[in-house]
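Okay, structure first, notes after.
The values are calculated or read from the model by the stated rules, or taken from the named source; none is laboratory data. Fair warning: this is a prediction, and the values are worked out from it, not measured in the lab. All Cβ positions, even for glycine, are placed from backbone atoms using ideal geometry, and neighbour counts span all protein chains on display.
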Amino acid sequence: MPDDGFFVDIEALDKLIGSLSKAEQSLKAANDKLSKASSNDLGHAEIDRAGEKFQDRWEHGIKKIAEFTGKSVEGLNGARKTYDEVNQRNRDRMNRIADTLPGGPR
């Protein structure tokens, strides 16, 4: 990895995007299961109410985390695409410059 400029480790970026995508899917699946669970099966009315409150807060929190994770994946995908485009444009420019140099690849 060069220490004198900007460097993007595409492989690591792709792994991060994949991991976050899986996390988002897992969070959504967990939230779906939680929303189908019933706290009324606990037996005592006070426990049932506490279970419902917990379930509501937990569902909301997981939903927000999943939303943030999804937005992070979108942003990282956009950054990766932009990096690829810039990298290709730079490569094309360097090739055009090399073609104009004496002894350059023609």
Report task. Within the range 1-15, track down each residue that is acidic (Asp, Glu) and at pLDDT 70 or above. Result -> ASP9, GLU11, ASP14
Query raised in the report: Pairs under 7 Å by beta carbon, first residue closer than 15 Å to ASP32 by Cα in the range 47-68, partner in a helix (DSSP H, G or I) and among the acidic types (Asp, Glu), six or more apart or different chains?
Result: ALA66/GLU24
Query raised in the report: In this structure, is ASN95 under 23 Å from GLU11 (Cβ atoms) and modelled with pLDDT of 80 or more?
Result: no
Report task. Please work out if VAL73 is among the β-branched types (Val, Ile, Thr), at pLDDT 80 or above, part of a helix (DSSP H, G or I) and surrounded by 12 or more Cβ atoms within 10 Å (Cβ to Cβ). Result -> yes
